[in-house]
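The values are calculated or read from the model by the stated rules, or taken from the named source; none is laboratory data. In this text, all values refer to a predicted model and were calculated from it rather than measured experimentally. Counting neighbours? That spans all protein chains shown, and the Cβs are built from the backbone with ideal geometry, glycine included. When the accessible area is computed, the model is the full protein with side chains, heavy atoms only, and any ligands, DNA or RNA have been set aside. Shrake-Rupley method; radii C 1.70, N 1.55, O 1.52, S 1.80 Å.
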Amino acid sequence: MENKTGKYFKYAIGEIALVVIGILIALQINTWNENRKEKLEENFILQNINDEFSESKKILKATQLESVAIKNAGFLIMDLFGKPEAIINQRNADSLLFMVLESGEFRPNENTISDLIQSGRLKLLQNKKLKTLLYQWQKDLKSLTVSFNRVELKVDNELIPYLSKNYALRDIDKYGNLNWKKNSTLQIDKYEIFNDIEFENITDDYLYRVISAEIKLNEIENVIDAILTETKYK
């Protein structure tokens, strides 16, 4: 009886051990599967981030070119102040003024980043540097938007009102969507604005704001490049 009891006891312990080992193996397999799923999802997210910021880089480059053109037009206008009429006639002032009335903007696609933050899936990213860069991106993008808004306010609140009183907007708008074929027939001395300290000051402050936005564009380019590096397929 004692031998039977001992064998039964050993058998029971063995059965329990097998059950425990089976549970542990199942848990390990489940954990492995979950980790594998999370890794696959993380790779999918990284690819989406890389694709999105690759497009943002293209948009940024186009915005930088536009910003440079706007800035250069502003500097050419500044160079006309106090100059004789003959010198001013060598430049197309109407076209230059049309350029500076463009405030510029940068509107990248943020669908992936917005979805990551709102859904809480940002925690799936194991790369701490990448997480920091994504938060930096949002901060810099808001700052850049503020800079562009400051340029737009200058145009809307000062440049256009000044030119409306002292210049022929029709002559400027022939370079835009209105595409006028003829200049204004009303009599106005278009050269007077280049001898007016008020307009020089408005243009000077406008350029200051344009350059501030340009600097922030260059800063955000560095963030984009760093994000692309961190999400590059390895």
## Note on the structure
The residue that is least open to solvent (accessible area, probe 1.4 Å), considering only those in segment 190-199 that are within 16 Å of residue 84 (Cβ to Cβ) and of a type outside the set (Phe, Trp, Tyr), is 193
## Note on the structure
Of the conditions (1) open to solvent by 60 Å² or more (accessible area, probe 1.4 Å); (2) polar (S, T, N, Q); (3) under 30 Å from residue 223 (Cβ atoms), the single one that residue 63 does not satisfy is (1)
### Query
What is the residue count in segment 149-192 for residues that are in contact with a helix residue (DSSP H, G or I) (Cβ under 6 Å, 6 or more places away or on another chain) and of a type in the set (Lys, Arg)?
2
### Message
So residue 109 ticks every box in (1) open to solvent by less than 30 Å² (accessible area, probe 1.4 Å); (2) under 17 Å from the mean Cα position of the chain (by Cα); (3) at pLDDT below 90; (4) over 18 Å from residue 205 (Cα atoms) but one. Which box is left unticked?
### Response
(1)
### Message
Taking the condition of being free of Cβ contacts under 8 Å to residues at least 24 places away in the same chain and of a type in the set (Val, Ile, Thr), how many residues in segment 45-81 meet it?
### Response
0
## Note on the structure
Only one of (1) among the hydrophobic types (A, V, I, L, M, F, W, C); (2) open to solvent by 60 Å² or more (accessible area, probe 1.4 Å); (3) more than 30 Å from residue 57 (Cα to Cα) does not apply to residue 146, and that is (3)
### Query
Can you name the condition, by its number, that residue 232 falls short on among (1) outside any helix (DSSP H, G or I); (2) buried (at least 16 other Cβ atoms within 10 Å of the Cβ); (3) of a type in the set (Lys, Arg)?
(2)
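What about residue 188, is it hydrophobic (A, V, I, L, M, F, W, C), outside any loop (DSSP other than H, G, I, E, B) and out of contact with any His (no Cβ under 8 Å at 6 or more places or on another chain)? Please lay out each step first, then the result.
Details: hydrophobic (A, V, I, L, M, F, W, C): yes; outside any loop (DSSP other than H, G, I, E, B): no; out of contact with any His (no Cβ under 8 Å at 6 or more places or on another chain): yes.
When the stated conditions are applied, residue 188 does not pass them.
Look through 76, 96 and report the one residue that is surrounded by 14 or more Cβ atoms within 10 Å (Cβ to Cβ) and over 27 Å from the mean Cα position of the chain (by Cα). If you could, list the steps in order and put the result at the bottom.
Values: 96 fails: over 27 Å from the mean Cα position of the chain (by Cα).
It is 76.
With the condition kept exactly as written, say whether any residue in segment 162-169 is in contact with a Leu (Cβ under 8 Å, 6 or more places away or on another chain), open to solvent by less than 20 Å² (accessible area, probe 1.4 Å) and part of a loop (DSSP other than H, G, I, E, B). Outline the logic, then answer.
Here is the first cut: in segment 162-169, the ones in contact with a Leu (Cβ under 8 Å, 6 or more places away or on another chain) are 163, 167-169.
Okay, now just the ones that are also open to solvent by less than 20 Å² (accessible area, probe 1.4 Å), so 163, 167-168.
With the extra rule that they be part of a loop (DSSP other than H, G, I, E, B), the set shrinks to 167-168.
There is at least one residue in segment 162-169 that is in contact with a Leu (Cβ under 8 Å, 6 or more places away or on another chain), open to solvent by less than 20 Å² (accessible area, probe 1.4 Å) and part of a loop (DSSP other than H, G, I, E, B).
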### Query
Can you tell which of 126, 138, 118 is open to solvent by 80 Å² or more (accessible area, probe 1.4 Å), out of contact with any Gly (no Cβ under 8 Å at 6 or more places or on another chain) and without any contact (Cβ under 8 Å) to a residue 60 or more places away in the chain?
118
### Matching residues in segment 30-50 - criterion: being open to solvent by 100 Å² or more (accessible area, probe 1.4 Å) and modelled with pLDDT of 80 or more
44
